[in-house]
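Since the structure comes first, as structure tokens, the remarks are kept for the end.
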């Protein structure tokens, strides 16, 4: 079952897909000039009785009008070797279905999981690699918490995302206090934060 913490991140992306263009450079990759980012159906199930569903899925139309590319966004709360199989399948299926190059972006809220998710996925044997997957990863190392109210007011979506990605930071209560005057009055973003925080002191403090 999808947790509220998991869903909150993807609700932000679906509410404001352009946020992805502002976040991807934090992974060390330049996001190309684009004309639109459009949500796509997240269901990647084929006719066989095996459900495959990506967390968020977008088509990015680039300014050079070459058809753009696909961006699949997955949230990961802990290392899970089975995800390597799923991610490789997602990318291969997206490429076959849409005939556009797919990119995988993994969102992690702790450093250990982010480091695990960054490792390339190699499919093959010792004498030959048939496929290699290089996930882009957003985690608490690359996305710093925003604590300046003026900076927070300039980009509510990015500020909200930065709070959720740094929800395990020991200073989370101070981070929440810093942005409360900006995000607290905004019902939608305040709700995303409440849903995305862990059950316990930080969520109680935000409420």
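For the chain, a Gaussian network of Cα nodes joined below 10 Å ranks 173, 164, 138 by mean-square fluctuation, and the top entry is 173. Helix content alone sets the calculated 222 nm mean residue ellipticity of the chain: runs of n ≥ 4 DSSP H residues at -39500 (n - 2.57) each, divided across all residues, give -12000 deg cm²/dmol.
Give me 129, 159, 113, 27 ranked fewest to most by other Cβ atoms within 10 Å of their Cβ, as a rough exposure proxy. Don't jump to the answer; show the numbers that get you there.
Numbers: 129 11, 159 24, 113 21, 27 18.
By the 10 Å Cβ count, ascending, the order reads 129, 27, 113, 159.
Of 43, 55, 110, the sequence from fewest to most neighbouring Cβ atoms within 10 angstrom is 43, 110, 55. In plain terms, if you count all Cα to Cα distances in the chain and split them into 5 Å steps from zero, the share in each step is 1, 7, 15, 18, 19, 16, 11, 7, 4, 1, 0, 0 percent. Considering only beta bridges that DSSP places wholly inside region 40-156, some 50 percent are antiparallel.
Take region 149-206, compute every pairwise Cα distance, and split them into 10 Å bins from 0; I just need the percent in each bin. Reading upward from the zero bin: 25, 64, 11. Relative contact order for region 149-206: 40 percent, from Cα pairs under 8 Å spaced at least 6 residues apart, divided by residue count. Here the residues 134, 31, 13, ranked from fewest to most Cβ neighbours within 10 Å of their Cβ, fall in the order 134, 31, 13.
Bear in mind these aren't lab numbers, they're just calculated from the coordinates by the rules spelled out. Note that the structure is a prediction, hence the values are computed from the model and not measured. Backbone-built Cβ (ideal geometry, glycine too); neighbour counts: all protein chains shown.
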